[in-house]
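One structure is given below, encoded as structure tokens.
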Amino acid sequence: MATHRESMHGQWSSRWAFILAATGSAVGLGNIWKFPYMAGENGGGAFVLVYLLCVALIGIPIMMAEVLIGRHGRRSPTNTLMEICKEQHHSQWWQLIGWSGMLVGFLILSYYSVIAGWTLAYVFRAGSGTFTALGGDAVGKIFSDFISDPERLLAWHTIFMGLTMVVVARGVKSGLETAVTYLMPALFVLLLILVGYAMNTGYFTEGLSFLFKPDFSKISANGVLAAMGQAFFSLSIGMGAIMIYGSYLPQDASITRSSIIIALADTLVAILAGVAIFPIVFANGLDPAQSVGLVFNTLPIAFGNMPGGAFFGMLFFILLAFAAWTSAISLIEPMVTWLVESLGMNRVTAVVWTGACAWLLGIGTIFSFNLWSDYTINKMSFFDVLDYLTSNVLLPLGGILITIFAVWIMSEKSTREELSISHEQGYSIWRFVLRYITPVAMFFVLLKVAGIIGS
Ligand code: PFF
């Protein structure tokens, strides 16, 4: 019988607690704000299909790898990798995966908090009935006025970052479990209500065919990369967030089943958001490729024109802010635990440093929507560069390194023990997929981007 480590930061009370927390990390702005506008910008159906393939062939196997590495090492990602390398006599360089993960989490948090601030602002707009009976133009103007005001964006960014820091300072596990248990299903129900509204717009079939009828002439090579990047972003993989949650997972919990449940829940929420949004887009003659404003320019039309819309709108944005909050916690957690473990900081100081620096960097994102909107590199604003670099480059790079580490570096015995899939075949399939299919699929995407295959 193997001996197992224990995490100095405690353990989830059960497998369900882990599933809820990891789902809380996965489901967030990525599903409801980002997925629809990425699909809209990249031609709809083909993007969605590539995205789903990426979730199944790349996302789930990498998520399993992250969880098993985390549980095996039971420390912050950097120290976990270091421990495993020590134990199995491999180069300490592998801990670089942990370093890059901390950096990526920090970079994502800086802009994530800004966008989450928008959802907080919309709680009050929706609740006060601002959108009542408004059409697309008026709703669009409210949004463009809002993002052109750096002071307001800064205030909401500060509030959101503050809220995140408070929870992380108190320790991730207290409260997260209970909160996710009730609020995630509530968000789900509200999405269903929005889908109900979308069904009555008269443009439901247009919305569905936009999302589910693949037209490969509409997706560019960069669109394929964006679909892969979105799968990483949405599942919270490639940077150690799921690894750190895995480090708190009880030893007897099934990693395979948990990962599949998390990925399914995450995908369902993203698809439902798309199904709710696109009929509204077409019914109001809006542009599906309108980038970051899509959710804020469409859903308020629905809330403004449905019975009880002010209440449902307010509730929806509260829940969205909450979903963003449970994701933000997991973005900051790897760096905080590392500061606690390796520099001996207390948790509160670690949180204050990390949060304050991410807050400062977030100001760049705020300005990219107003004061700096004319400063672009290759037509990309400061926010676009951060988003591209994190989602399309660093998360997939982290993912491929995690893959190599799990199936080529770690001993087969230890991964087999962690996964403890009851049938021999299950383990062999996972290992085969991660050894051959996942890297080939990622390589295929890269070739496409380099223009070597297809157009
Ligand atoms: N998965 C989150 C979302 O979809 O909003 C964002 C995220 C959280 C990305 C944690 C990466 C991460 F490590």
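Where does each of 294-302, 47-55 land if you order them by average Cβ count within 10 Å, highest first?
Ranking, from highest mean packing down: 294-302, 47-55.
With an 8 Å Cα cut-off and a minimum separation of 6 or more residues, compute the relative contact order for the chain in percent.
36 percent
Which order do the peptides 332-338, 100-106 come out in when sorted by mean C-beta neighbours inside 10 angstrom, highest first?
Highest-to-lowest ranking by the protection proxy: 332-338, 100-106.
At 0.36 nm per residue, and after removing the present C-alpha to C-alpha distance, how many nm does the segment from Leu264 to Ser373 gain when stretched out fully?
35.5 nm
On a full-extension model of 0.36 nm per residue, what is the gain between Ser420 and Ile159, subtracting their alpha-carbon distance, rounded to one decimal in nm?
89.6 nm
Which peptide among 116-123, 265-272, 226-233 comes first, and what is the full order, when sorted by highest mean count of other Cβ atoms within 10 Å?
Most protected by this proxy first, the peptides run 226-233, 116-123, 265-272.
Kindly express, to the nearest 10 degrees and within the range 0 to 90, the angle between helix 150-169's C-alpha long axis and the longest C-alpha principal axis of the chain.
30 degrees
What translational diffusion coefficient, to the nearest whole µm²/s, does segment 113-179 have by Stokes-Einstein, given a Kirkwood radius computed over alpha-carbon pairs, a temperature of 37 °C and 0.692 mPa s viscosity?
241 µm²/s
For the chain, what is the calculated [θ] at 222 nm in deg cm²/dmol (nearest 500), taking -39500 (n - 2.57) for each run of four or more DSSP H residues and dividing by its residue count?
Calculated from helices alone, the mean residue ellipticity at 222 nm is -23000 deg cm²/dmol.
Using label points projected 7 Å from each Cα along Cα→Cβ, tell me how many nm separate Leu343 and Ser209, to one decimal.
5.7 nm
Determine, from the Cβ-Cβ distance of Trp353 and Leu389 and an R0 of 25 Å, the FRET efficiency 1/(1 + (r/R0)^6), rounded to the nearest 0.05.
The calculated FRET efficiency here is 0.65.
Could you state the angle between the C-alpha long axis of helix 136-147 and the longest principal axis of the C-alpha atoms of the chain, as a value from 0 to 90 degrees rounded to the nearest 10?
Rounded to the nearest ten degrees, it is 50.
What full-extension length gain, to one decimal in nm, is calculated for Asp149 and Gln251 as 0.36 nm per residue of separation minus the Cα-Cα distance?
Extra length from Asp149 to Gln251 when fully extended: 31.8 nm.
Just to confirm the number: angle between the C-alpha axis of helix 77-88 and the first principal axis of the chain, 0 to 90 degrees, nearest 10?
Taking Cα atoms only, the helix is inclined about 20 degrees.
Taking Cα centroids, how far is segment 1-40 from segment 369-425 in Å?
15 Å
For the chain, report the convex hull volume of the alpha-carbon atoms normalised per residue, in Å³, without decimals.
Cα-based convex hull of the chain, divided per residue, equals 135 Å³.
Could you work out how far apart the two model spin labels at Trp408 and His90 are, taking each label as a point 7 Å from the Cα in the direction of the beta carbon, and quote it in nm?
Reported label-point gap for Trp408 and His90 is 1.0 nm.
None of the figures in this text is laboratory data; all of them are computed from the coordinates on show. From a predicted model like this one, the values you see are computed outputs, not experimental measurements. Neighbour counts run over all protein chains shown; Cβ positions are idealised from the backbone, glycine included.
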